[in-house]
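Notes for the one structure printed next.
The values are calculated or read from the model by the stated rules, or taken from the named source; none is laboratory data. Keep in mind that this is a model prediction, so the values were computed, not measured. In this analysis, Cβ positions are derived from the backbone assuming ideal geometry, glycine residues included, and neighbour counts consider all displayed protein chains. Calculation scope for accessible area: heavy atoms of the full protein, side chains included, ligands and nucleic acids excluded. Shrake-Rupley method; radii C 1.70, N 1.55, O 1.52, S 1.80 Å.
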Amino acid sequence: MSKSPHYCPETLALSAGFFSDQPTRVTTPDITMSVNHCFVPEEGSFSANGIENLADTPFLYAGWTNPTVRQLEQRIAALECTDDAYATTTGMAALSAMFFSLLRAGDHLIISDVCYAAVYELAREVLPDYGIEVTPVNLTDLAAVSRAIRPQTRLIHAESPCNPLLRLTDLTQLADLAKQHQVLLSVDSTFATPVITRPAVLGVDLVVHSLTKFINGHGDALGGCVTGNKALIAQIRSRAAAHLGSTISAQNAWLIMRGIETLYPRMKTISDSALQIAQWLENHPRVKQVNYPGLVSHPQYTLATEQMAYGGGMIVFQMDDMDDIAQRFAQEARLFYYAYSIGHQRSLVVLLKTADLMASTYRMTHEQAQEFRRYAGEGVFRLSIGLENPQDLIEELEQLLR
Ligand SMILES: Cc1ncc(COP(=O)(O)O)c(C=O)c1O
(Lines give C-alpha, C1' and ligand atoms only; values in the text may rest on other atoms or scores of the structure.)
Protein backbone atom coordinates (compact mmCIF):
# COMPACT_ATOMS: atom_id res chain seq x y z
CA MET A 1 0.00 0.00 0.00
CA SER A 2 1.24 3.48 -0.78
CA LYS A 3 1.75 5.98 2.01
CA SER A 4 0.13 9.39 1.42
CA PRO A 5 2.36 12.48 1.46
CA HIS A 6 1.23 15.58 3.38
CA TYR A 7 -1.55 16.65 1.05
CA CYS A 8 -4.47 18.90 2.01
CA PRO A 9 -7.65 17.04 3.05
CA GLU A 10 -9.45 17.76 -0.27
CA THR A 11 -6.58 16.03 -2.07
CA LEU A 12 -6.41 13.16 0.41
CA ALA A 13 -10.12 12.51 -0.26
CA LEU A 14 -8.99 11.47 -3.75
CA SER A 15 -5.54 10.06 -3.14
CA ALA A 16 -5.21 8.42 0.29
CA GLY A 17 -5.04 4.65 -0.01
CA PHE A 18 -5.28 4.78 -3.81
CA PHE A 19 -2.48 3.22 -5.79
CA SER A 20 -2.29 2.65 -9.50
CA ASP A 21 -0.12 -0.38 -10.02
CA GLN A 22 1.05 -2.44 -12.96
CA PRO A 23 -0.26 -3.79 -15.27
CA THR A 24 -3.65 -2.03 -15.26
CA ARG A 25 -2.53 1.54 -14.40
CA VAL A 26 -6.11 2.47 -13.46
CA THR A 27 -6.99 6.10 -12.72
CA THR A 28 -9.93 5.22 -10.46
CA PRO A 29 -9.93 2.54 -7.73
CA ASP A 30 -10.86 -0.91 -8.99
CA ILE A 31 -13.01 -3.19 -6.90
CA THR A 32 -11.67 -6.52 -5.61
CA MET A 33 -14.58 -8.87 -4.97
CA SER A 34 -12.63 -12.01 -4.09
CA VAL A 35 -13.50 -13.35 -0.62
CA ASN A 36 -10.34 -15.46 -0.45
CA HIS A 37 -6.68 -14.76 -1.17
CA CYS A 38 -4.16 -17.59 -1.56
CA PHE A 39 -1.29 -17.76 0.86
CA VAL A 40 1.81 -19.80 1.53
CA PRO A 41 1.30 -21.46 4.91
CA GLU A 42 4.75 -20.71 6.34
CA GLU A 43 4.51 -17.02 5.47
CA GLY A 44 0.89 -16.10 6.11
CA SER A 45 -0.52 -17.47 9.33
CA PHE A 46 -4.22 -17.37 10.12
CA SER A 47 -3.70 -16.10 13.65
CA ALA A 48 -5.25 -13.26 15.65
CA ASN A 49 -1.74 -11.81 15.68
CA GLY A 50 -1.98 -11.64 11.89
CA ILE A 51 -5.01 -9.35 12.15
CA GLU A 52 -3.37 -7.19 14.77
CA ASN A 53 -0.34 -6.62 12.54
CA LEU A 54 -2.38 -6.01 9.43
CA ALA A 55 0.23 -3.91 7.67
CA ASP A 56 2.53 -6.95 7.50
CA THR A 57 -0.20 -9.46 6.72
CA PRO A 58 -1.19 -10.61 3.26
CA PHE A 59 -4.89 -10.45 2.43
CA LEU A 60 -6.40 -13.76 3.46
CA TYR A 61 -10.15 -13.57 3.91
CA ALA A 62 -12.55 -10.68 3.20
CA GLY A 63 -14.24 -11.19 6.58
CA TRP A 64 -11.09 -9.59 8.01
CA THR A 65 -10.31 -7.14 5.25
CA ASN A 66 -9.82 -6.95 1.50
CA PRO A 67 -7.83 -4.62 -0.79
CA THR A 68 -10.86 -2.40 -1.57
CA VAL A 69 -11.91 -2.25 2.08
CA ARG A 70 -8.35 -1.43 3.08
CA GLN A 71 -8.23 1.51 0.66
CA LEU A 72 -11.41 2.88 2.23
CA GLU A 73 -9.95 2.44 5.72
CA GLN A 74 -6.74 4.21 4.77
CA ARG A 75 -8.64 7.07 3.20
CA ILE A 76 -10.83 7.61 6.28
CA ALA A 77 -7.83 7.39 8.61
CA ALA A 78 -6.02 10.02 6.50
CA LEU A 79 -9.02 12.39 6.54
CA GLU A 80 -9.49 12.00 10.31
CA CYS A 81 -5.74 12.35 11.00
CA THR A 82 -5.60 8.98 12.78
CA ASP A 83 -3.27 5.98 12.35
CA ASP A 84 -5.86 3.46 11.24
CA ALA A 85 -9.56 2.71 10.72
CA TYR A 86 -11.82 -0.35 10.73
CA ALA A 87 -14.74 -0.26 8.26
CA THR A 88 -17.96 -2.05 9.18
CA THR A 89 -21.26 -3.09 7.61
CA THR A 90 -23.19 -0.17 9.18
CA GLY A 91 -22.71 2.69 11.62
CA MET A 92 -24.39 0.61 14.32
CA ALA A 93 -21.91 -2.22 13.59
CA ALA A 94 -19.04 0.23 14.18
CA LEU A 95 -20.53 1.31 17.51
CA SER A 96 -21.19 -2.31 18.56
CA ALA A 97 -17.68 -3.32 17.47
CA MET A 98 -16.22 -0.55 19.63
CA PHE A 99 -18.33 -1.26 22.73
CA PHE A 100 -18.01 -5.06 22.58
CA SER A 101 -14.25 -4.90 21.95
CA LEU A 102 -13.29 -2.33 24.58
CA LEU A 103 -15.75 -2.98 27.40
CA ARG A 104 -15.79 -5.97 29.75
CA ALA A 105 -18.23 -7.03 32.50
CA GLY A 106 -17.68 -4.67 35.44
CA ASP A 107 -16.69 -1.71 33.23
CA HIS A 108 -18.64 1.54 33.26
CA LEU A 109 -19.64 3.56 30.18
CA ILE A 110 -20.76 7.21 30.17
CA ILE A 111 -22.88 8.03 27.13
CA SER A 112 -24.43 11.29 25.95
CA ASP A 113 -27.99 11.53 27.31
CA VAL A 114 -29.08 12.48 23.78
CA CYS A 115 -27.74 10.53 20.84
CA TYR A 116 -28.94 8.43 17.91
CA ALA A 117 -31.82 6.35 19.28
CA ALA A 118 -30.43 2.89 18.42
CA VAL A 119 -27.07 3.53 20.11
CA TYR A 120 -28.81 4.89 23.20
CA GLU A 121 -30.98 1.75 23.30
CA LEU A 122 -27.91 -0.49 22.74
CA ALA A 123 -26.16 1.19 25.67
CA ARG A 124 -29.17 1.30 28.01
CA GLU A 125 -30.84 -2.00 27.19
CA VAL A 126 -28.23 -4.40 25.77
CA LEU A 127 -24.86 -3.61 27.38
CA PRO A 128 -26.17 -4.03 30.96
CA ASP A 129 -27.09 -7.65 30.06
CA TYR A 130 -23.32 -8.19 29.65
CA GLY A 131 -22.46 -6.68 33.04
CA ILE A 132 -21.52 -3.23 31.67
CA GLU A 133 -22.92 -0.33 33.67
CA VAL A 134 -24.07 2.70 31.71
CA THR A 135 -24.78 6.29 32.82
CA PRO A 136 -26.33 8.77 30.35
CA VAL A 137 -25.00 12.28 31.06
CA ASN A 138 -25.49 15.68 29.44
CA LEU A 139 -21.94 16.01 28.11
CA THR A 140 -22.23 19.80 27.83
CA ASP A 141 -22.11 19.81 31.65
CA LEU A 142 -18.49 18.94 32.47
CA ALA A 143 -19.14 19.03 36.21
CA ALA A 144 -21.83 16.36 35.71
CA VAL A 145 -19.36 14.28 33.66
CA SER A 146 -16.73 14.56 36.43
CA ARG A 147 -19.30 13.46 39.03
CA ALA A 148 -20.29 10.46 36.89
CA ILE A 149 -16.72 9.16 36.41
CA ARG A 150 -15.89 6.16 38.63
CA PRO A 151 -12.78 3.97 38.95
CA GLN A 152 -14.50 1.48 36.62
CA THR A 153 -15.26 4.07 33.90
CA ARG A 154 -13.50 2.95 30.74
CA LEU A 155 -15.16 4.99 27.98
CA ILE A 156 -17.12 8.23 27.45
CA HIS A 157 -19.17 8.22 24.25
CA ALA A 158 -20.26 11.55 22.72
CA GLU A 159 -22.07 12.64 19.55
CA SER A 160 -21.46 16.09 18.09
CA PRO A 161 -23.64 17.57 16.68
CA CYS A 162 -26.04 15.10 18.31
CA ASN A 163 -29.01 13.46 16.68
CA PRO A 164 -31.68 14.84 16.82
CA LEU A 165 -31.11 18.08 18.77
CA LEU A 166 -27.95 19.39 17.04
CA ARG A 167 -26.54 20.12 20.49
CA LEU A 168 -22.73 20.25 20.43
CA THR A 169 -20.14 18.76 22.76
CA ASP A 170 -16.98 20.72 23.51
CA LEU A 171 -14.60 17.99 22.34
CA THR A 172 -11.36 19.69 23.44
CA GLN A 173 -12.58 20.20 27.00
CA LEU A 174 -14.12 16.74 27.23
CA ALA A 175 -10.93 15.14 25.86
CA ASP A 176 -8.88 16.97 28.53
CA LEU A 177 -11.22 15.75 31.26
CA ALA A 178 -11.16 12.17 29.93
CA LYS A 179 -7.34 12.21 29.83
CA GLN A 180 -7.11 13.51 33.42
CA HIS A 181 -9.12 10.46 34.50
CA GLN A 182 -7.41 8.05 32.06
CA VAL A 183 -10.73 7.30 30.42
CA LEU A 184 -11.10 6.79 26.65
CA LEU A 185 -13.26 9.25 24.69
CA SER A 186 -15.14 8.30 21.53
CA VAL A 187 -17.29 10.59 19.40
CA ASP A 188 -19.85 9.78 16.75
CA SER A 189 -19.06 12.45 14.16
CA THR A 190 -21.57 11.31 11.53
CA PHE A 191 -23.34 14.69 11.32
CA ALA A 192 -20.05 16.60 11.05
CA THR A 193 -17.91 14.41 8.75
CA PRO A 194 -14.13 15.10 8.70
CA VAL A 195 -14.81 18.10 6.46
CA ILE A 196 -16.41 19.97 9.36
CA THR A 197 -14.68 18.62 12.48
CA ARG A 198 -11.65 16.39 12.99
CA PRO A 199 -12.17 15.15 16.55
CA ALA A 200 -8.84 13.27 16.79
CA VAL A 201 -7.00 16.57 16.27
CA LEU A 202 -8.91 17.89 19.31
CA GLY A 203 -7.78 14.95 21.47
CA VAL A 204 -10.59 12.41 20.96
CA ASP A 205 -9.34 8.78 21.01
CA LEU A 206 -11.88 7.13 18.71
CA VAL A 207 -14.02 8.69 15.95
CA VAL A 208 -17.06 6.76 14.73
CA HIS A 209 -19.08 7.37 11.58
CA SER A 210 -22.15 6.01 9.93
CA LEU A 211 -20.70 6.00 6.40
CA THR A 212 -24.26 5.41 5.19
CA LYS A 213 -24.94 9.14 5.62
CA PHE A 214 -23.03 12.21 4.29
CA ILE A 215 -19.72 10.38 3.74
CA ASN A 216 -21.23 8.07 1.14
CA GLY A 217 -23.73 10.79 0.36
CA HIS A 218 -25.79 9.00 -2.29
CA GLY A 219 -28.19 6.90 -0.23
CA ASP A 220 -27.13 3.66 -1.90
CA ALA A 221 -24.74 1.89 0.49
CA LEU A 222 -24.65 0.99 4.17
CA GLY A 223 -21.38 1.30 6.06
CA GLY A 224 -19.67 2.46 9.22
CA CYS A 225 -16.20 2.93 10.62
CA VAL A 226 -14.23 3.49 13.77
CA THR A 227 -10.91 5.26 13.50
CA GLY A 228 -8.13 5.93 16.03
CA ASN A 229 -4.65 4.86 17.03
CA LYS A 230 -3.15 1.60 15.76
CA ALA A 231 -3.40 -0.31 19.03
CA LEU A 232 -7.07 0.54 19.68
CA ILE A 233 -8.12 -0.19 16.09
CA ALA A 234 -6.20 -3.50 16.17
CA GLN A 235 -8.04 -4.45 19.37
CA ILE A 236 -11.43 -3.56 17.84
CA ARG A 237 -10.67 -5.26 14.52
CA SER A 238 -9.43 -8.49 16.05
CA ARG A 239 -12.65 -8.99 18.01
CA ALA A 240 -15.15 -7.45 15.62
CA ALA A 241 -13.86 -8.95 12.37
CA ALA A 242 -13.19 -12.45 13.63
CA HIS A 243 -15.95 -12.84 16.25
CA LEU A 244 -18.71 -10.34 15.51
CA GLY A 245 -18.45 -10.54 11.70
CA SER A 246 -18.75 -6.76 11.32
CA THR A 247 -16.50 -6.08 8.30
CA ILE A 248 -17.99 -4.06 5.40
CA SER A 249 -18.45 -5.70 1.98
CA ALA A 250 -16.07 -4.76 -0.85
CA GLN A 251 -18.93 -3.47 -2.99
CA ASN A 252 -20.17 -1.05 -0.33
CA ALA A 253 -16.60 -0.01 0.51
CA TRP A 254 -16.08 0.86 -3.16
CA LEU A 255 -19.33 2.87 -3.38
CA ILE A 256 -18.48 4.78 -0.21
CA MET A 257 -14.95 5.48 -1.42
CA ARG A 258 -16.47 6.96 -4.58
CA GLY A 259 -18.70 9.12 -2.38
CA ILE A 260 -15.68 10.35 -0.40
CA GLU A 261 -14.06 11.66 -3.60
CA THR A 262 -16.68 14.44 -3.71
CA LEU A 263 -17.15 14.81 0.06
CA TYR A 264 -15.42 18.20 0.41
CA PRO A 265 -17.32 20.12 -2.28
CA ARG A 266 -20.56 18.36 -1.29
CA MET A 267 -20.32 19.32 2.39
CA LYS A 268 -19.47 22.91 1.52
CA THR A 269 -22.41 23.24 -0.89
CA ILE A 270 -24.79 21.49 1.50
CA SER A 271 -23.68 23.68 4.42
CA ASP A 272 -24.05 26.90 2.38
CA SER A 273 -27.58 25.84 1.38
CA ALA A 274 -28.50 24.74 4.91
CA LEU A 275 -27.44 28.11 6.32
CA GLN A 276 -29.64 29.96 3.80
CA ILE A 277 -32.58 27.68 4.59
CA ALA A 278 -32.07 27.96 8.37
CA GLN A 279 -31.99 31.77 8.11
CA TRP A 280 -35.15 31.72 6.00
CA LEU A 281 -36.89 29.41 8.51
CA GLU A 282 -35.88 31.67 11.38
CA ASN A 283 -37.74 34.56 9.75
CA HIS A 284 -40.85 32.52 8.97
CA PRO A 285 -43.84 33.72 11.02
CA ARG A 286 -45.10 30.17 11.73
CA VAL A 287 -41.73 28.74 12.81
CA LYS A 288 -41.22 28.85 16.59
CA GLN A 289 -37.56 27.82 16.87
CA VAL A 290 -34.73 26.75 14.57
CA ASN A 291 -31.58 24.94 15.71
CA TYR A 292 -28.68 25.06 13.30
CA PRO A 293 -25.04 25.30 14.45
CA GLY A 294 -24.32 27.96 11.79
CA LEU A 295 -26.98 30.34 13.14
CA VAL A 296 -25.89 33.02 15.61
CA SER A 297 -28.99 32.06 17.64
CA HIS A 298 -27.71 28.51 18.25
CA PRO A 299 -27.10 28.20 22.03
CA GLN A 300 -23.51 27.07 21.34
CA TYR A 301 -22.72 29.28 18.35
CA THR A 302 -19.29 30.29 19.73
CA LEU A 303 -18.31 26.65 20.19
CA ALA A 304 -19.59 25.92 16.67
CA THR A 305 -17.30 28.61 15.21
CA GLU A 306 -14.33 27.09 17.08
CA GLN A 307 -15.00 23.42 16.43
CA MET A 308 -16.84 23.31 13.10
CA ALA A 309 -15.62 24.51 9.70
CA TYR A 310 -19.25 24.81 8.48
CA GLY A 311 -22.71 24.38 10.01
CA GLY A 312 -23.36 21.06 8.24
CA GLY A 313 -26.41 19.71 6.45
CA MET A 314 -28.82 19.12 9.36
CA ILE A 315 -31.46 21.60 10.58
CA VAL A 316 -34.21 21.08 13.17
CA PHE A 317 -37.18 23.40 13.64
CA GLN A 318 -40.38 23.61 15.64
CA MET A 319 -43.86 24.87 14.72
CA ASP A 320 -47.51 24.38 15.66
CA ASP A 321 -49.70 21.89 13.73
CA MET A 322 -46.70 19.64 13.11
CA ASP A 323 -48.87 16.58 12.26
CA ASP A 324 -50.68 18.44 9.47
CA ILE A 325 -47.44 19.79 8.07
CA ALA A 326 -45.89 16.30 8.24
CA GLN A 327 -48.78 15.03 6.08
CA ARG A 328 -48.06 17.79 3.57
CA PHE A 329 -44.37 16.91 3.49
CA ALA A 330 -45.23 13.24 2.96
CA GLN A 331 -47.93 13.79 0.32
CA GLU A 332 -47.26 17.07 -1.47
CA ALA A 333 -43.50 17.65 -1.39
CA ARG A 334 -41.62 17.11 -4.64
CA LEU A 335 -38.09 17.88 -3.48
CA PHE A 336 -38.13 16.90 0.23
CA TYR A 337 -38.49 13.15 0.75
CA TYR A 338 -40.23 12.10 3.96
CA ALA A 339 -37.81 9.45 5.27
CA TYR A 340 -35.86 8.55 8.38
CA SER A 341 -32.33 8.56 7.06
CA ILE A 342 -30.04 11.55 6.53
CA GLY A 343 -27.05 12.63 4.46
CA HIS A 344 -28.24 11.84 0.93
CA GLN A 345 -27.81 13.93 -2.21
CA ARG A 346 -31.58 14.62 -2.06
CA SER A 347 -33.17 16.53 0.81
CA LEU A 348 -34.99 14.48 3.44
CA VAL A 349 -37.37 15.43 6.24
CA VAL A 350 -39.01 13.66 9.16
CA LEU A 351 -41.07 14.70 12.19
CA LEU A 352 -39.65 13.55 15.52
CA LYS A 353 -42.08 14.05 18.39
CA THR A 354 -40.59 14.49 21.84
CA ALA A 355 -43.26 12.37 23.58
CA ASP A 356 -42.65 9.47 21.15
CA LEU A 357 -38.88 9.61 21.67
CA MET A 358 -39.28 9.76 25.46
CA ALA A 359 -41.68 6.78 25.43
CA SER A 360 -39.69 4.62 23.02
CA THR A 361 -36.05 5.42 23.71
CA TYR A 362 -34.82 7.99 26.21
CA ARG A 363 -35.05 7.33 29.94
CA MET A 364 -34.31 10.81 31.28
CA THR A 365 -34.10 12.57 34.60
CA HIS A 366 -36.34 15.62 35.03
CA GLU A 367 -33.41 17.98 34.28
CA GLN A 368 -32.36 16.00 31.20
CA ALA A 369 -35.94 16.09 29.85
CA GLN A 370 -36.12 19.85 30.47
CA GLU A 371 -32.86 20.35 28.57
CA PHE A 372 -34.19 18.14 25.72
CA ARG A 373 -37.32 20.33 25.49
CA ARG A 374 -35.16 23.49 25.46
CA TYR A 375 -33.89 22.33 22.07
CA ALA A 376 -36.84 20.30 20.78
CA GLY A 377 -40.02 21.56 22.48
CA GLU A 378 -42.82 19.07 21.77
CA GLY A 379 -41.08 17.91 18.61
CA VAL A 380 -39.01 18.92 15.63
CA PHE A 381 -38.89 18.55 11.90
CA ARG A 382 -35.43 17.25 11.10
CA LEU A 383 -34.21 18.38 7.69
CA SER A 384 -31.25 16.77 5.95
CA ILE A 385 -30.30 19.17 3.19
CA GLY A 386 -29.18 17.81 -0.16
CA LEU A 387 -27.57 19.23 -3.27
CA GLU A 388 -30.62 20.92 -4.81
CA ASN A 389 -30.55 24.68 -5.40
CA PRO A 390 -31.51 26.20 -2.00
CA GLN A 391 -33.96 28.63 -3.65
CA ASP A 392 -35.97 25.68 -4.99
CA LEU A 393 -36.01 24.12 -1.51
CA ILE A 394 -37.10 27.42 0.06
CA GLU A 395 -39.92 27.80 -2.49
CA GLU A 396 -41.14 24.31 -1.65
CA LEU A 397 -40.96 25.03 2.09
CA GLU A 398 -42.90 28.26 1.53
CA GLN A 399 -45.74 26.25 0.00
CA LEU A 400 -45.70 23.48 2.59
CA LEU A 401 -45.44 25.65 5.73
CA ARG A 402 -48.39 27.85 4.63
C1 LIG B 1 -25.44 9.88 14.50
C2 LIG B 1 -25.69 8.49 13.98
N3 LIG B 1 -24.84 7.49 14.30
C4 LIG B 1 -25.04 6.23 13.87
C5 LIG B 1 -26.11 5.91 13.09
C6 LIG B 1 -26.30 4.48 12.64
O7 LIG B 1 -25.89 4.34 11.32
P8 LIG B 1 -26.33 3.12 10.39
O9 LIG B 1 -27.74 3.40 9.95
O10 LIG B 1 -25.35 3.15 9.27
O11 LIG B 1 -26.24 1.89 11.23
C12 LIG B 1 -27.03 6.90 12.73
C13 LIG B 1 -28.20 6.58 11.90
O14 LIG B 1 -29.04 7.42 11.63
C15 LIG B 1 -26.82 8.23 13.18
O16 LIG B 1 -27.66 9.23 12.89
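Summary table below
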| item | result |
| --- | --- |
| Distance between modelled label sites at GLU367 and ASP220, nm, 7 Å Cα→Cβ extension | 4.9 nm |
| Degrees between helix 171-180 axis and first principal axis of the chain (Cα, 0 to 90, nearest 10) | 60 degrees |
| Rounded percent of accessible protein surface that carbon and sulfur make up, region 96-178, 1.4 Å probe | 48 percent |
| Globularity ratio of region 9-260, using Cα Rg and 2.2 N^0.38 Å | 1.00 |
| Projected label distance in nm at VAL126 and SER341, using a 7 Å step from Cα toward the beta-carbon | 1.9 nm |
| GNM result for the chain, Cα springs below 10 Å: residue of PHE59, PHE191, PHE214 fluctuating most strongly | PHE59 |
| Charge dipole magnitude, Cβ of K and R +1, D and E -1 - the chain, Cα centre, debye nearest 20 | 240 debye |
| Residue-normalised accessible area of region 9-260, given per residue in Å² at a 1.4 Å probe | 38 Å² |
| Carbon/sulfur fraction of accessible area - region 263-400, other protein chains in place, 1.4 Å, % | 47 percent |
| Estimated dipole of region 331-402 in Debye, rounded to 20 [Cβ of Lys and Arg +1, of Asp and Glu -1, Cα centre] | 280 debye |
| ³J(HN,Hα) computed for each position of region 18-27 - Karplus, 6.51 cos²θ - 1.76 cosθ + 1.60, integer Hz, glycine/proline x | 8, 9, 10, 10, 5, x, 7, 6, 5, 9 |
| Spatially close lysines, pair count over the chain: Cα under 29 Å, gap of eight or more or interchain | 10 |
| Theoretical gain in end-to-end length, HIS181 to ARG104 [0.36 nm per residue, Cα-Cα removed] | 25.9 nm |
| The chain - percent relative contact order, Cα under 8 Å, separation 6 or more | 17 percent |
| The chain: angle of helix 250-260 to the longest principal axis, Cα-based, in degrees nearest 10 | 50 degrees |
| For region 263-400: relative contact order, % (alpha-carbon pairs under 8 angstrom, 6 or more apart) | 28 percent |
| Size of region 263-400 as Cα extents on the principal axes (Å, biggest first) | 41, 40, 28 |
| Helix-only [θ]222 nm of the chain, DSSP H runs n ≥ 4, -39500 (n - 2.57) each, per residue, nearest 500 | -11000 deg cm²/dmol |
